[in-house]
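Engineer: To start, I am sharing the structure in question, which I have written as structure tokens.
Every number here is computed from the coordinates shown, using simple stated rules; none is lab data. On a predicted model such as this, the values are computed, not experimentally measured, just so you know. Here Cβ is always computed from backbone atoms with ideal geometry, including for glycine, and neighbour counts include all displayed protein chains.
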Amino acid sequence: MEVVFAITSGVLYATGLYLMLRRRLAQIIIGIGLLSNGTNLLIFAAGGLTRSNPPVVSEATGQLQVPYADPVPQALILTAIVIGFGVIAFSLVLAHRVHQSLGTDDVDDIGTEARR
Amino acid sequence: MTLVLPIVIPLLAAALLLVVPARAVLQRSVALTASAGQLIAGLALFRQVQVDGYLVLQVSDWAAPFGITLVADVLSSILVVAVGIVGVAVGASSFAGVDPRREAYGYHPLIQVLLMGVAGAFLTGDLFNLYVWFEVMLMASFVLMALHRTSEQIAAAFKYVTINLLASAVFLTGLGLLYGSAGTLNMADLAAIWPARNEPVLDLVLATLFLTAFGIKAGLFPLFFWLPASYPTPPAPIGALFAGLLTKVGVYALIRVFSLLFRGGPPLPLQLLLWLSVATMIVGLVGALAQRDFRRVLAFNLVGHIGFTTIGLPLGTTAALAGSLLYIVHHILVITCLFFVAGVLLQLRRTTDLGRLGSLYRDHPGTAVLAMIPLFSLAGVPPLSGFVGKLAVVQGTFGAGAYGPGAAVLVVSLLTIVSMARLWDEAFWKPADAPPVSPRPAPLLLVPVAALGALILGMTVAAGPLFETTTRAAGQLLDPQGYIEAVLQSGLGRGE
């Protein structure tokens, strides 16, 4: 299972970085999204993939049932997803503004248009 | 209580600023009051840390390492005071006039959120929490940078956003790998268990990831290229705020993480950091000499002097690290002040192009004298604070036996003098044919310049005690045993 996660997140990193090196704003933003998803999967896999009980103290026994899953990576990922969502939303708005004010979505043209 | 105030005050102020009527005077007064409050809270924190050494708060009484820890040592408390000073200067400068459209779109609350993020980053004792504070700070800075609408600024903002998001992703990757192996992200807990783990390969990977992520944020060579592209574009107060504080958060994170996690650890990334610092200095200053615009010269100088603030860490001696820490304080004050000077020039002449500036000394002698203080302080002319800071760095480098980097520091100091003398000559001294655009200097924008100038002079007077304080901070960083004990053994609810 770890292998599948490792390969998937590796592919996400690679495609994300490749897209961030492209010239169109939309591709860069998709790249940012893929990169942050790759990171989330990596945290999930690094935290340990186990088939076990939820880390909740049961009312009947008053204690945790071993083995239980580590809740921290999931909390970290949840936070990272929320932050990533906000960041992507903001980048989209910014890219829209760039397109509106410069009439181009090509990173190379942005530099020359802006100097004009 | 003192530990949360520097974070809570700007948070409450940001919320308040969203609901109070959008009258300029009211908004500006609330923002300035909040920043003054943050400064006072920072000073109180500084005093208490001077007495106790460490101040620890377990948020919601979750004992470390399970909850989030806030912790202040000497370095954190010094930097929180610096945040307060910059905040007050920026708050005061808004009375000199802010673009009304920008003010209507949340200029003041965003600045408060940014100040909160920076203070949070300096005070947190948890690595994931540090990431969250980074994002808080970055989101505020993204919006502040994109709030105005000229094409050049929008293009600069997009570069800034992309490169910073990449840095965040790299940092988060490092965090995931670290958690997977160590099972904790509490900094003190990590410092206690990680160096003994002896995992050279993972150490190398993590150190490289963290060096890249923080290096981008700090503006280290070769990752600094986004900075001169984006910092000169926003208006003076925002430029001053970014230049003064944001890169220093990257430097702080480098110092904190490396001193806790990689104590005497992998020599390779640390050796690399030494030479990256040297390269940053040289490339930054050579870049500055090639520029023809006051603000771009400042941006390259900002990059160049980041090298001074990171060189003490890889050398690993108390004196070298203390010198770098002293330099951070000096650099925050001076570079903030200089970006305000650029704002004054912009108001007086409508341009910061060196070719079209000139005769400012003839037309506005008072302003010129005020501008002289930060210019020559950055150059390191005695008796200004730059001299003290550079002396401390040079002594530290030579004391650690690093003669090559020490020589580079001296050469770069010389280049700084050339760069600053050129700014002085071109902007203030040389006769200009163009008639002055504005007959009077704007007195209100000169207030932060004068106040920061006074602090720069004051730093020279208090150089002795200040150096003792940074020496103490360096001692704490290089021997984190006290930090570890303070955090892990602080019982529930202690630290108040």
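Engineer: Any chance you could run the full-extension gain for B:V381 through B:Q395? It's 0.36 nm times the residue separation minus the Cα-Cα distance, nm to one decimal.
Structural biologist: 3.4 nm
Engineer: Ok, one more. So what's Rg/Rh here for the stretch B:353-423, counting alpha carbon atoms and using the Kirkwood radius for Rh?
Structural biologist: Working: Rg = 15.1 Å, Rh = 13.5 Å.
Here the Rg-to-Rh quotient is 1.12.
Engineer: Work out, in µm²/s and without decimals, the Stokes-Einstein translational diffusion coefficient of the stretch B:5-94 at 25 °C, 0.890 mPa s, Rh from Kirkwood over C-alpha pairs.
Structural biologist: Calculated translational D: 173 µm²/s.
Engineer: Direction-averaged shadow area of the convex hull around the Cα atoms of chain A, nm²?
Structural biologist: 8.9 nm²
Engineer: Report the gain in length on full extension from B:W429 to B:R263: 0.36 nm times residue separation, minus Cα-Cα distance, nm rounded to one decimal.
Structural biologist: Details: separation 166, 0.36 × 166 = 59.76 nm, distance 4.96 nm.
This chain segment gains 54.8 nm when fully extended.
Engineer: Given the DSSP H assignment, sum -39500 (n - 2.57) over each helix run of at least 4 residues in chain A and divide by its residue total; what's the result at 222 nm in deg cm²/dmol, nearest 500?
Structural biologist: It comes out at -24500 deg cm²/dmol, rounded to the nearest 500.
Engineer: Okay, moving on. Between the stretch B:76-151 and the stretch B:333-378, how many Å separate their Cα centres?
Structural biologist: 24 Å
Engineer: Rule-of-thumb check for the stretch B:288-399: C-alpha Rg over 2.2 N^0.38 Å?
Structural biologist: Normalised Cα radius of gyration, the stretch B:288-399: 1.18.
Engineer: To continue, here is another question. Describe numerically, in nm with one decimal, the distance between label points set 7 Å from Cα along Cα→Cβ at B:L43 and at B:L289.
Structural biologist: The two pseudo-label positions are separated by 4.2 nm.
Engineer: Follow-up. Under the rule of -39500 (n - 2.57) per DSSP H run of 4 or more residues, summed and divided by the residues of chain B, what mean residue ellipticity at 222 nm is obtained, to the nearest 500 deg cm²/dmol?
Structural biologist: Rounded to the nearest 500, it is -24500 deg cm²/dmol.
Engineer: Using a 7 Å offset from the Cα along the Cα-to-Cβ direction at both B:E199 and A:T79, what is the distance between the two label points in nm, to one decimal?
Structural biologist: Distance between the two pseudo-spin positions: 2.0 nm.
Engineer: Let me ask you something else. Give me, ordered by chain and number, the residues 5 or more places off A:Y68 or on other chains with an amide H under 5 Å from its own placed amide H.
Structural biologist: A:N53
Engineer: Going by average Cβ neighbours within 10 Å, how do the peptides A:11-23, A:62-74, B:54-66 rank, with the highest at the top?
Structural biologist: Output ranking for A:11-23, A:62-74, B:54-66: B:54-66, A:11-23, A:62-74.
Engineer: Points 7 angstrom from Cα along the Cβ direction at B:D61 and A:L92: gap in nanometres?
Structural biologist: Using points 7 Å along Cα→Cβ, the separation is 4.3 nm.
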